[in-house]
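The values are calculated or read from the model by the stated rules, or taken from the named source; none is laboratory data. Please read all numbers here as calculations on a predicted model, not as lab measurements. Cβ atoms come from the backbone with ideal geometry, glycine included; neighbour counts cover every protein chain shown. These accessible areas exclude ligands, DNA and RNA; they are computed on the full protein's heavy atoms, side chains included. Shrake-Rupley method; radii C 1.70, N 1.55, O 1.52, S 1.80 Å.
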Amino acid sequence: MFHSFGIFFLGNVIIGQALVGLIVLYLLGATVGPTDGATTPILVASLFADIAMAATIVVWLRLRHEPIVPLLGVPERGRWMTEIAIGIASGAILYVVVDFAVANGVTWLVQEVSNKHVVSPHQLSPALSTAGKVLAAFVSIAIAPAAEELFFRGILFRGVRDRRGFVPAAAVSSVAFGLAHWGTGDWRGSLILVLSMMVTGLGLAFLYEHRKNLVTNIAAHAMFNIIGIVLLFRFPKFGT
C-alpha cells in the first residue's frame, strides 16, 4: 500500500505535475493562475505530465520485476469488444449520474452552506481555438483516460485493495482522483468539481472491481470525457 502512495507522489505530483508540467509551461511562456478551464498551454503541459506519470509507473513496475499486463488485467481473447462496449455504456451512465445528479446536489449544498452563488468550473476553456480543441480531445480521450486509469485504478486502487479490501481501496483512490482535479479558481467551485470527481472515482473503482481489467475502465473514462467535451463545445453552459 505504501508503495502505491509513493509512486503516486513520485509519478504524478513530483515528476508529472511539479517537474514536467511546470517545465513545459515555462518553455511555453505560460503561467498558472485563475482561469475558466484549461488553456492550450495547460493542455500541452498536461499531455507531457500524463506521459511522464505513465512512464514512471512502467519503469517502477519494471524495477520491481512485476509483469505489467497480467498485473493490471486485460480481457480474455475474444472479449475485448464486449469489455469496450461495457465500458462505453458505463461511462455514459456515470456521466449522467455525476453531472446531472451529483454535481447539482453538491452545488446546492455548497451554495446553502456558503450562502453564495457557486458553479463548478470548466475543466476545459470554452474559448479554445480549433487547434486547442483538437488537442483537448486528444488529451481527454486518448491520453488522460489511459494514464489516469493506469495509476488510480491499476496501481493505487489495486495496491490498497490487495491488502485492505475494496472499501478502503475505493475510498483512497477516489479521494486521490478527486483531489487531482482541484482547480485554480474559486475554492467553492473547485470543491464542487472535486466532490463530483470523487463520485466518478467511486464508479470507476466499482467497475474495475467487477470487470478486473483496465480496458473497460479506459473505455468508460474516455466515454465520460467525450460526453463532457461535446457538451462543453456545443453547449458551454452544460459542459464539463
Of the criteria (1) among the small types (Gly, Ala, Ser); (2) at pLDDT 95 or above; (3) assigned to a loop (DSSP other than H, G, I, E, B), which one GLY239 fails | (2)
In the list VAL113, VAL102, VAL59, VAL97, which residue meets the criterion of being within 20 Å of ASN217 (Cβ to Cβ), out of contact with any His (no Cβ under 6 Å at 6 or more places or on another chain), modelled with pLDDT of 75 or more and open to solvent by 40 Å² or more (accessible area, probe 1.4 Å)?
-> VAL97
All positions within the range 141-158 that are open to solvent by 10 Å² or more (accessible area, probe 1.4 Å) and not hydrophobic (A, V, I, L, M, F, W, C) = GLU148, ARG158
With the condition kept exactly as written, say whether any residue in the range 195-214 is surrounded by 20 or more Cβ atoms within 10 Å (Cβ to Cβ), of a type in the set (Val, Ile, Thr) and over 12 Å from the mean Cα position of the chain (by Cα).
-> no
Could you please let me know if GLY37 is at positive phi and modelled with pLDDT under 80?
-> yes
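Quick check, is VAL69 more than 19 Å from VAL230 (Cβ to Cβ), at pLDDT below 80, open to solvent by 60 Å² or more (accessible area, probe 1.4 Å) and not in a helix (DSSP H, G or I)? Walk me through how you get there before you give the answer.
Numbers: more than 19 Å from VAL230 (Cβ to Cβ): yes; at pLDDT below 80: yes; open to solvent by 60 Å² or more (accessible area, probe 1.4 Å): yes; not in a helix (DSSP H, G or I): no.
So VAL69 fails the test.
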Going through the range 165-199 one residue at a time, which ones are under 23 Å from MET53 (Cβ atoms), modelled with pLDDT under 85 and not in a loop (DSSP other than H, G, I, E, B)?
-> SER190
Considering the range 96-116 alone, what residues qualify as being part of a loop (DSSP other than H, G, I, E, B) and among the small types (Gly, Ala, Ser)?
-> none
